Structures are given as structure tokens and as C-alpha cells.
Amino acid sequence: MADSQLECLRDDHVNKKVTEDMCQFYYSEEHRRCLEVLFQRGIQGYREYVKEYNVRGFLSTKELIDLKDFWKEYDIESETSKKSKAKSNKLEQEPQEEKDSLQYWPEKSDTEIPPLDLGWPENGFYRGVSNMLVYTHPPKENAPTIKAVIRDLIQTAKKVIAIVMDYFTDRELFRDVLDAASKRRVPVYMILGEEGVKHFLEMCEMMQLSSFMLRNLRVRYVTGVGFYLPYGKISGSLTHKYLMVDGEKVAYGSFRFTWSSLRVDRSIMTLLSGKYTEPFDIEFRELYAISEEVNLYKELSLPDYQPSPIGARARSSTVARKLINPKYSLVVGRSPAPGEMLRFGSPNHPEAGEDGKSEGEKRMDKFLDDLVSIEQESPGIVNLVDLPQSLPIKKETGTFTENTLSPKTSKKTFKLFSFKKRQNPLLGNVVEGDFVVLNKPQLESDNSRRHSNIDLMSSGKSSPTKSEKVKTPEKCIIS
């Protein structure tokens, strides 16, 4: 049981009356009776009832007029006639079909939740740097106008644009939205008030739009919370006014997307970024789930042009990797736009076939069956005897045999490894191959011996004595 029910079962519990002076005051039975009198007898009957029963007047003249406009009676006769006709047709066509029980089945819900088919960014826990700026109209010193800030947000959007507005009739802002949706392929979602839909469609007709401009644009409308009465319902209106860009920036305030609001009226706008945008993200998705569709193609008499995404076609895994890899964007000619990446990444539940499996599941089963059924051939075994042997080398000369080498290699190798002794007649040096052999005398350490050799050479003697003879020169090789 609920806490309020458990509290009522206590012996010491006394029902507290919530008066108008208390902050918890929200619903009043007296107010509900006054509204019934308003819709049955009119504004004059409402005022007479308030005076007669001494009820505080809680509605102004403008509110009385607006509530009369929002009032809608239940069309019970048409609904019962439609249900009776549908039941009679079902009984005639399927007389033996079993009736469904009164149990709740989620699979057989009355309405489906509209999906964000163009994609929605998953920002996770981090949404950028958290910041807050306030703009006013007329602007402060050295500050831009509200309209300039809004246009800059729309023109720099890359992932998604989400607009919640009661009235949208400014053509300059809508032109920026169309450029982002058609030229840059950014998904655009718009939620309008029910009363503002007709004015929005009037603007679209005057701008002479094409079906190509509307392919990445989704427009829906919602009403207020409403107030239900026995004879009808007060629908209410949407008063949300905010713009969300890429799930990271939100501009909200008292402005409207109309020329008079952004030029004539006094308004204020707060620009939020970072973690402050998360409540607006959640609120937009909840509003989108309860909203109703506005078919622009039907309302503007345009051909329905909704191109199928690239990912919908059956492709092999190799081609899919190439489409994802940015390296292959040079071959394709362009990189996919952010809107297309979001659309292709969003989960689209494929339709199941007769056997209950989708095309993707069938292809995966076939791929796995091929892996099991294909016979793999083992590589051939090579004997070591069949491998080529290394070239034989002679130990005596240290050269390769001429039979095992080709003519070009044998000639080149012969030049490298042959040794021919030749003598230079001018220098008297012995040359062996590519090496020059010089005569290097051995220097003696005794100084007296060195001086005696110099004296003998200076005196003109042709040859020194045996004791003074220079030792035999040693060969020094200079490479």
C-alpha cells in the first residue's frame, strides 16, 4: 500500500485540510465546480456563481477567454458509432475468433512511441565544459542580440538540433534550420504547440519549400497537461521555449521564434552548456514520445521523399569496414555527414520473415554454416632432398668453381678473388692485386747508430759496413 493509505489507517491520524494559504495547495474541488459552471453557463454565469457561493475569484478575464478556446467536449456519439461498426465488421469477417481478455498486454498497445529515426547523440556522463551565460533584448553593452546567438548555434550545429517552441514563424531562423538539415544533413527535431502548427504551416507555404529540404526534418506537436471534466477537457498549451544543439548547448528563456518577439518585445535568454543540458535532453525525449505527428509532405502537397539509408542495403563485411574507415572517403569522394552517421547508427529493428528470423540473422547463420562446412586443405609437405643445395667452395684457392656460376658472375668473381703480381717500374714497389706493397725501413733506437749512418751517407761512401748495415726492410701493406 501507498504511504498515504497506511497513514490513513492509523488511529492517531487526522486529515489535514490544505488551504489556499499553504504552499502545498494545488487542487480544489471548488475550482472544479467553477470551471463546470463556466463551460455550461458562460462567463456571466461563472461570475454569478462565484458571488453566490462566496468563492475567491481565481481567473482573470483573459484566462476565461483562453479557457473557453481550449475547451473541447467529448464526442461520445461518434466514438460509440465507430466502435459498433468496427465490432460488427469483425464479427462478420472473423466470427470464430476468440476475444481478448481485459488483461494489459504491452505488445498490443494503442499507440506506438515515435522513434528518433534520424538519430540522437549519446553524450554519456561528460557533456563538455559547464557554463552559463545570460543575454537580454535589447542587448547590453558589447553583447550580441538574442537572435544572433540563436542563429550562430544553428549554423554551427554538427550532431543534432532540437527545438521546442510554442510559435515558430521567423523565416530567417527557419532558413538556417533548413540549410542545416538539407545541406549539412544535420537531424532536426521540432516540437510545436498545437495552436502554433497552423501558423508554422502558413510560413512554410509562403516560403515555397521542396521535398528535398524536408528530408532531415521531423515536426510534431503537443498540448498542455489538460484538465479533465465530466463533459469535456481543457487541452492547455505548450509554453516551453528552448533550443538544444548537439546535446551540449541549450538556449532557453522568454523569447519566441517570431520576428516580433526577437525584435520588438523585451526578453531574456540563458545559454547553458555541459552538465546543465541533461534535464533538457530528458524533457525533450519525453515530449517527443507523447507528441503527435505533423506530416509536412501531406500538409504542403509535396511528394514524400525519404531516402533509405546506405546501411539498409545488404553489404559484405569487407565493404562495411571500408565505409566506416575514413581512409576510403577519398575513393567515395566525401565523408558521411554527422546526421547520416547518427541515422545509420540508430537501432532499426528489421522485420522478421515467415520463419521468425530477419535477413541479418539469416545471413549470419549462413556465414556460420559456411565456416563449418567448407573443407580446409592442409599444406603440402616438402622433402629436404628436393631443396636446392648450397654452392660448393674449393678450400685450396678460396674461390667458387666456374661450373657452378653463371658467365657474368664467374667473370666478376674472378676479378675480385684473383691475385696478380705486378711491379711499378717508376716506384719499384710490388703490387699484388689491389694492394700496394712499400719498402719500410726499420728505425733503430740507438742515437749513435743513427748519427753514424748520416755521416757515412754524407761522406759519399756507397755502402755501409756490415755492422752499420740497415736491417732488411719489412713489407707494409697500405690498403
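The values are calculated or read from the model by the stated rules, or taken from the named source; none is laboratory data. A quick note: this is a predicted structure, and the numbers were derived from the prediction, not measured. Neighbour counts run over all protein chains shown; Cβ positions are idealised from the backbone, glycine included.
Details
- Residue that is nearest to ALA251 (Cα to Cα) [pool: residues in the stretch 139-162 that are basic (Lys, Arg) and out of contact with any Leu (no Cβ under 6 Å at 6 or more places or on another chain)]: ARG151
- For beta carbons closer than 7 Å, sequence separation of 6+ or different chains, a first residue in the stretch 126-145 that is under 15 Å from ARG263 (Cα atoms) and a second that is among the hydrophobic types (A, V, I, L, M, F, W, C) and part of a loop (DSSP other than H, G, I, E, B), the qualifying pairs are TYR135/ALA143.
- VAL149 satisfies every condition listed in (1) of a type outside the set (D, E, K, R); (2) farther than 21 Å from GLU293 by Cβ; (3) assigned to a helix (DSSP H, G or I); (4) modelled with pLDDT under 95 except (4).
- Qualifying positions in the stretch 201-239 - without any contact (Cβ under 8 Å) to a residue 40 or more places away in the chain and farther than 21 Å from ASP75 by Cα: GLU202, MET203, MET206, MET207, GLN208, MET213
- Only one entry of VAL197, VAL225, VAL177 meets the criterion of being crowded, with 21+ Cβ neighbours inside 10 Å and in the same structural domain as THR258 (by TED's automatic domain parsing), and that entry is VAL177.
- Selection status of PHE39, under 20 Å from TYR228 (Cα atoms), at pLDDT 85 or above, part of a helix (DSSP H, G or I) and outside the structural domain of LYS233 (by TED's automatic domain parsing): yes
- Among (1) modelled with pLDDT of 90 or more; (2) part of a helix (DSSP H, G or I); (3) charged (D, E, K, R), the one test that GLU107 misses: (1)
- Condition met for VAL55 (closer than 22 Å to TYR228 by Cα, outside the structural domain of PHE227 (by TED's automatic domain parsing) and not in a helix (DSSP H, G or I)): yes
- Residue count for the stretch 222-255 satisfying the condition of being in contact with a Ser or Thr (Cβ under 8 Å, 6 or more places away or on another chain), under 30 Å from TYR126 (Cα atoms) and not hydrophobic (A, V, I, L, M, F, W, C): 7.
- Tallying residues that are among the polar types (S, T, N, Q) and under 30 Å from ASP66 (Cβ atoms) within the stretch 195-215 yields 0.
- MET213 vs. criteria modelled with pLDDT of 95 or more, of a type in the set (A, V, I, L, M) and surrounded by 17 or more Cβ atoms within 10 Å (Cβ to Cβ): no
- In the stretch 179-199, the residues that are among the hydroxyl-bearing types (Ser, Thr, Tyr) form Cβ pairs under 7 Å with partners that are not in a loop (DSSP other than H, G, I, E, B), at six or more places apart or across chains, as follows: SER182/PHE212; SER182/MET213; TYR189/ALA162; TYR189/ARG218; TYR189/TYR288.
- Hey, TYR126 modelled with pLDDT of 90 or more and either assigned by TED's automatic domain parsing to the domain that holds ARG256 or hydroxyl-bearing (Ser, Thr, Tyr) (or both) or not: no
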